[in-house]
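Read-outs throughout are calculated quantities, based only on the coordinates presented, and are distinct from any laboratory measurement. Just so you know, these numbers come straight off a predicted model, no measurement behind them. Cβ placement follows ideal geometry from the backbone for every residue including glycine, while neighbour counts extend to all protein chains displayed.
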Amino acid sequence: EWETGVKFELTGEMRRTMPVVEKIEILYSGILNEIELFSKIGEIINSDPQKTEVKTCNDIHIYFIKASESNYGLDLLMSTGPLSFIDQLSANKLIDLKKAHSLEEEIFKTVSLPFILPELRDNDELIQNCINSGNLPELITFKDIKGILHNHSTWSDGINTLEEMADHVRITGFQYFG
């Protein structure tokens, strides 16, 4: 969140941590001079009151999606997707697309579902199981990683020596380094 009260958040494929990302989408809310900001990022390709497409100098397309504060949670849910996830929630009458929610978590609470992490939303079977049972698997977190494999040192195209890398692995508490 910026000092001006403007909020920015990755959404879409980036938020779902997809292995291949076709476009970058950023949800934002608050008052800002969109034209001035987006022009600093790149060339404005398309713009309407809800969405602006900007092409960077590297030919990367970034889509800025405007959200309202009162409906930020639903806008985040809808823009994160995927469409099959939204369809499953709608088909089971679990979300009301007309009711405003400022937090995404509120949407899940109102229908007695655990918060479904964006990384899990592309698995239709898992989502249906959650709708039926309320159970979700736990994701692997950084604390679950025990060691580091496949590293590049100064012997190839890395920037640190093997000794520096081994020292860092030891300091950070990993069990092995390969």
Study note, to complete from the structure: The orientation-averaged projected area of the Cα convex hull of the chain, in nm², is 14.2
Review point. If the label point is 7 Å along Cα→Cβ of residue 84, which residues in segment 127-152 have backbone nitrogen under 18 Å from it?
Key: 127-132, 137
Revision key, fill the gap. For residue 16, other-chain or 5+-apart residues with amide H closer than 5 Å (H placed, Pro excluded) are none
Study note, to complete from the structure: The number of Lys pairs in the chain whose alpha carbons lie under 12 Å apart, excluding pairs fewer than 8 residues apart on one chain, is 4
Review point. Build a GNM of the chain with springs between Cα atoms under 10 Å: which of 75, 157, 122 gets the top mean-square fluctuation?
Key: 157
Check your understanding: Using θ = phi - 60° and the Karplus form 6.51 cos²θ - 1.76 cosθ + 1.60, what ³J(HN,Hα) does each residue of segment 116-122 get, whole Hz, x for Gly and Pro?
Key -> 8, 4, x, 5, 9, 6, 8
Point to revise | Degrees, to the nearest 10: 124-133 long Cα axis against longest axis of the chain | key: 70
Revision key, fill the gap. Taking 100-110, 8-18, 165-175 and ranking on average Cβ neighbours within 10 Å, highest first, one gets 8-18, 100-110, 165-175
Point to revise | Fraction of antiparallel bridges per DSSP, segment 1-128 only, in percent to nearest 5 | key: 75
